[in-house]
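Q: Mind looking over this structure? Questions follow.
The values are calculated or read from the model by the stated rules, or taken from the named source; none is laboratory data. Not measured: the values here are computed from a predicted model. All Cβ positions, even for glycine, are placed from backbone atoms using ideal geometry, and neighbour counts span all protein chains on display. Heads up: the accessible areas ignore ligands, DNA and RNA and are worked out on the full protein's heavy atoms, side chains in. Shrake-Rupley method; radii C 1.70, N 1.55, O 1.52, S 1.80 Å.
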Amino acid sequence: MSEPDRIIRLKTVLSRTGLSRSTIYRKIAEGTFPAQLKISTNGTGWHESDINRWIADPVSWRPSRQCDEVR
């Protein structure tokens, strides 16, 4: 059985990527970084697998088809 995809928060994304908050949001707007998910009224997070894919190849990262579909 595969492990479920965790949701990670901004603090973890900042730590794992080494990017600043403003750089992350700029890259999201450019389409070169995974978009965040709304997880509560005031909270957002990212699928850990999306961040792992970006870390593995940040230059050529593009959203996968699965990201466009509802998970």
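Q: In the chain, what percent of the accessible surface is made up of carbon and sulfur (1.4 Å probe, ligands and nucleic acids excluded)?
A: Its accessible area is 51 percent carbon and sulfur atoms.
Q: Is there a quick way to get the dipole size of the chain? I mean about its Cα centre, with the Cβ of Lys and Arg at +1 and of Asp and Glu at -1; what is the value in debye to the nearest 20?
A: In total the dipole reaches around 280 debye.
Q: Could you do me a favour and compute the accessible area per residue for the chain, 1.4 Å probe, result in Å²?
A: 72 Å²
Q: Something else about it: At 222 nm, what helix-only mean residue ellipticity would the chain give, in deg cm²/dmol to the nearest 500, using -39500 (n - 2.57) for each DSSP H run of four or more?
A: Calculated at 222 nm, the ellipticity per residue is -11500 deg cm²/dmol.
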